[in-house]
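Right, one structure below, let's go through it.
The values are calculated or read from the model by the stated rules, or taken from the named source; none is laboratory data. For clarity, every value in this text was computed on a predicted model and none was experimentally measured. A quick note on method: Cβ atoms are made from the backbone with ideal geometry, for glycine too, and the neighbour counts reach across all protein chains shown. Ligands, DNA and RNA are stripped out before the accessible areas are found, and what is left, the full protein with its side chains, is counted by its heavy atoms. Shrake-Rupley method; radii C 1.70, N 1.55, O 1.52, S 1.80 Å.
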2 protein chains.
Amino acid sequence: MRRTQAERSGATTAQLLDAARELFGRDGYAATSIDAVAAEAGMTKGAAYHHFPGKAGLFRAVFVVQQERMAAALEAAAAAEPDPRAALRAGCLTFLERCLDPDFRRIVLLDGPSVLGWETVRAIEYAHTLRVLRAGMTVLHEPDGDGDLTARCQLAFGALCEAGMMLARSDDPARALPVVAAEAERLLGLGR
Amino acid sequence: MRRTQAERSGATTAQLLDAARELFGRDGYAATSIDAVAAEAGMTKGAAYHHFPGKAGLFRAVFVVQQERMAAALEAAAAAEPDPRAALRAGCLTFLERCLDPDFRRIVLLDGPSVLGWETVRAIEYAHTLRVLRAGMTVLHEPDGDGDLTARCQLAFGALCEAGMMLARSDDPARALPVVAAEAERLLGLGR
DNA sequence: CCAGGTTACATACCTTTGGTATGGAAGTGA
DNA sequence: TCACTTCCATACCAAAGGTATGTAACCTGG
């Protein structure tokens, strides 16, 4: 059976990314070996090192995929709401719900900053999740105010991440979601 | 020269903790080897493994020291202000200023959650930094309100950590401090 | 169609490093 | 003084990140 190079490469990288997401998400970055990821994907280390610049590079690729999925989910949720405030509220809910995914929490919230560095992580997020959040908050921000929108977005984002971790830790996330979401919306200036 | 066992142990652990803080803070957890820490402290691995249960255990001890120092600084800052709101404000400033220490940022904000796990980190912080923050916010919290104080503290803490990272990343932290602090105080309900 | 070159991946190997086992030196208590 | 414990160094093991090399699959110009 004759496949083109692009097909081979694409299939291999996709399998590696999927296996890496599963193992990085379940066991964490440090406890996951390249050999294990390659074995899970049905190949050996050589393939991984051929397509990615190293363990951290593979992790970074997985991280970016998570960011893309989050940004898409946020934009979809916001697009369904015509009112800016309602759209921002819906985005909050969507973010918190996606924090219930253990893979997302481990890869994006826990290991990401440590492995990739804070600046790298925020740079990637500014192209995805933080970009959508900023767009939602820009509408509600009156430019004559004294506050700094960038700082406000970033602090709100930190609070949201903490809310996501807190929510996932609770005994009954479904029941805890409203109260956590209420506090998050309050911090975003959506209160009352 | 005859030293008691407690003196030997205490001096050794103190040297190890100091060397570990320096290397963990400068190079990060993953890039720091136990051999390097022991060499920096003027001894070998054996000493480290005798006094600490492993690399993560040593890191945890360093983390706790950082937390103790932060909590002490916060309490000192708050005690100097009779007004509860002013005390909380002063605590914010103190927290942000201590975030300018690269060792603190790397150990507590970046590597801590990844190495120790989120729940362990927050449990330690609830005995130190978060305890002081909660005490400060309890005074301003009217119990008849609908909000959840625990969630509010935690989200505010997440925002503060983000503010600290953002502040340290800025070109001129001294100049950026007021604007970041203003946004942080706004999130804490101290605005206006 | 086919030969040279490139891409994709496997295998073998090196090095670092976390952790353990063992041995000896320093301190302690009777 | 003599057993016993604590403290720390040294020697060793196994796992894992990374590299070098070999080989098979694809591509391209003639």
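Listing for the model above:
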| item | result |
| --- | --- |
| Neighbouring partner chain Cβ atoms per residue of A:167-174, average, 10 Å criterion | 1 |
| Rel. contact order, % - alpha carbon contacts under 8 angstrom, at least six apart, the range A:1-52 | 35 percent |
| Label-to-label distance, nm, for residues given as B:Ser33 and A:Thr120 (7 Å Cα→Cβ offset) | 2.2 nm |
| ³J(HN,Hα) computed for each position of the range A:39-46 - Karplus, 6.51 cos²θ - 1.76 cosθ + 1.60, integer Hz, glycine/proline x | 4, 4, 8, x, 8, 10, 3, x |
| Value of relative contact order over the range B:54-187, rounded to a whole percent, pairs C-alpha under 8 Å and six or more apart | 30 percent |
| Euclidean distance between Cα centres, the range A:43-91 to the range B:173-192, Å | 30 Å |
| Cross-link partners of A:Lys45 among lysines (Cα-Cα below 21 Å; sequence separation of 8 or more within a chain) | A:Lys55 |
| Peptide A:147-155 - average C-beta neighbours from other chains (10 Å radius) | 6 |
| Solvent-accessible area, 1.4 Å probe, carbon plus sulfur percent, for the range A:56-187 | 54 percent |
| Summed buried accessible surface, chains A and B, 1.4 Å probe, nearest 100 Å² | 2900 Å² |
| Label spacing, shortest first and in nm, from A:Gly42 to its equivalents in the remaining copies (7 angstrom along Cα→Cβ) | 5.9 |
| Cβ-placed point charges (K, R +1; D, E -1), dipole of the protein assembly as shown about Cα centre in debye, nearest 20 | 940 debye |
| Mean separation of Cα contacts under 8 Å (6+ apart) over length of the range A:1-116, as relative contact order % | 31 percent |
| With Cα atoms, 0 to 90° folded angle of helix B:129-140 axis to chain B main axis | 20 degrees |
| Degrees between helix A:5-27 axis and first principal axis of chain A (Cα, 0 to 90, nearest 10) | 60 degrees |
| q = 0.19, 0.24, 0.29, 0.31 Å⁻¹, the range B:1-52: log10 I(q)/I(0) [Debye, one scatterer per Cα] | -0.58, -0.85, -1.11, -1.20 |
| Restricting the range A:1-96 to trypsin sites (Lys or Arg not before Pro) in coil, as DSSP defines it, with at most 16 other Cβ within 10 Å | A:Arg2, A:Arg3 |
| Inter-copy separations for B:Asp148, label at 7 Å along Cα-Cβ, nm, ascending | 3.2 |
| Within 10 Å of each Cβ in A:119-129, the average number of Cβ atoms from other chains | 1 |
| Phi-based couplings in Hz for the range B:49-57 (Karplus 6.51, -1.76, 1.60; Gly and Pro marked x) | 6, 6, 9, 10, x, x, 5, 5, x |
| Solvent-accessible area per residue, Å², over the protein assembly as shown with all protein chains present [probe radius 1.4 Å] | 47 Å² |
| Most mobile of B:Gly147, B:Gly28, B:Gly112 in a GNM of chain B (Cα contacts under 10 Å) | B:Gly147 |
| Structure-based [θ]222 nm, chain B - -39500 (n - 2.57) summed over DSSP H runs of at least 4, per residue, nearest 500 | -23500 deg cm²/dmol |
| Between 0 and 90°, nearest 10: helix B:84-98 axis offset from chain B longest Cα axis | 40 degrees |
| Square roots of five times the Cα gyration tensor eigenvalues for the protein assembly as shown, Å | 34, 33, 17 |
| Rounded to the nearest 20 debye, dipole of chain A from Cβ charges on Lys, Arg, Asp, Glu | 540 debye |
